[in-house]
1. Go ahead and estimate [θ] at 222 nm for the chain from helices alone: -39,500 (n - 2.57) per DSSP H run with n ≥ 4, summed, over the residue count, rounded to 500.
2. Quick one: work out the % antiparallel among DSSP beta bridges in segment 118-233, nearest 5.
3. Expressed as an acute angle from 0 to 90° and rounded to the nearest 10, what is the orientation of the C-alpha long axis of helix 294-306 relative to the principal long axis of the chain?
4. Any chance you could give the angle, 0 to 90 degrees and rounded to 10, that helix 122-132 forms with the longest Cα principal axis of the chain?
5. Just how far, in whole angstrom, is segment 1-72 from segment 131-205 if you go by their alpha carbon centroids?
6. For the peptides 98-110, 166-178, what is the packing order when you average, over each peptide's residues, the other Cβ atoms within 10 Å and list the highest mean first?
7. Based on DSSP, what percent of beta bridges with both residues in the chain are antiparallel, to the nearest 5?
8. Hey, what angle do you get for helix 253-264 against the long axis of the chain, alpha-carbon based, 0 to 90 degrees rounded to 10?
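Readers should treat all values here as calculations from the given coordinates under stated rules, not as data from a laboratory. These numbers come from a predicted model, not from an experiment. Backbone-built Cβ (ideal geometry, glycine too); neighbour counts: all protein chains shown.
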């Protein structure tokens with residue numbers, strides 16, 4: 001990012017929220033910079049939605065503060081200035097529920113007026129955003145006839161119809177089929193291309209790994225990691241190799257893996273107790289846990305080839321890497337003793 005893009009648009013300081021004796025969010029600190037997509041990961045109940053509701057001033061924090069940039073200055077979000085500061089942010093928190101007899105045009109016009117978008121330009125803006133998601137022909141159709149994916153798209157459009165610089169989306173791909181998830185993913189990437197800043201929560205690791213410039217991971221209300229995926233990998237020094245054989249072995253897969261272990265595990269660069277090799281029957285892909293070092297990755301491939309294994313595909317996909325990091329972080333709260 002250039003210097004201009006490193007401008008902080010939202011800063012969260014020591015954000016804490018309690019419900020009775022239960023602390024849902026514990027001293028969260030993070031910042032969102034202009035032009036980036038930040039992925040907010042965590043298991044269900046980790047504190048993602050509670051954090052976002054405090055950002056939207058739907059919940060008041062017990063401790064800490066949310067600062068939002070307006071007129072070039074970071075300003076603390078309060079009751080007095082919430083309308084002014086939040087005008088430049090589009091929120092979609094939780095699954096939208098629309099009255100089935102209204103149309104996208106009616107819904108989007110309502111939200112555009114609510115957010116103070118110039119009335120003379122509203123119809124043109126509605127046409128523009130509907131075109132962005134390929135729903136122009138549905139403008140005057142009743143929402144009650146729409147699929148879940150279509151309703152989700154209208155929900156996202158309701159958050160951006162007033163053309164905010166910042167978009168905050170809570171689990172926008174949850175419950176969608178693969179085709180609809182891809183459409184939403186492509187739309188979010190397009191938001192970045194046109195200069196928007198996106199803060200996106202999800203428990204779908206693959207989607208976050210494909211979208212996010214930086215990843216924040218929350219667990220039991222505490223932020224346990226916040227960095228780029230590459231930097232998190234460097235701190236963990238652990239990753240996952242995926243490989244597929246040209247011909248699947250005829251023998252029992254457990255027996256086959258037991259033959260692979262003494263060949264491969266010494267080259268993984270991590271302790272024997274942590275090492276594992278797995279097989280995913282659905283994708284027909286083997287997985288090897290290793291230390292993330294490219295030299296070890298090459299050495300493992302060489303051993304497989306030298307011993308007659310015909311490799312169809314061999315890679316370290318980001319989704320697999322994020323899964324291993326996520327599991328380690330939510331299990332131990334740290335990456336290889338480096339990040340706490």
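1. -10500 deg cm²/dmol
2. Within segment 118-233, antiparallel bridges account for around 50 percent of the total.
3. Rounded to the nearest ten degrees, it is 50.
4. Helix 122-132 sits at roughly 10 degrees to that axis.
5. Segment 131-205 and segment 1-72 have Cα centres separated by 21 Å.
6. In decreasing order of mean packing, 98-110, 166-178 become 166-178, 98-110.
7. Counting only bridges with both partners in the chain, antiparallel ones make up about 65 percent.
8. Helix 253-264 sits roughly 80 degrees off the main axis of the chain.
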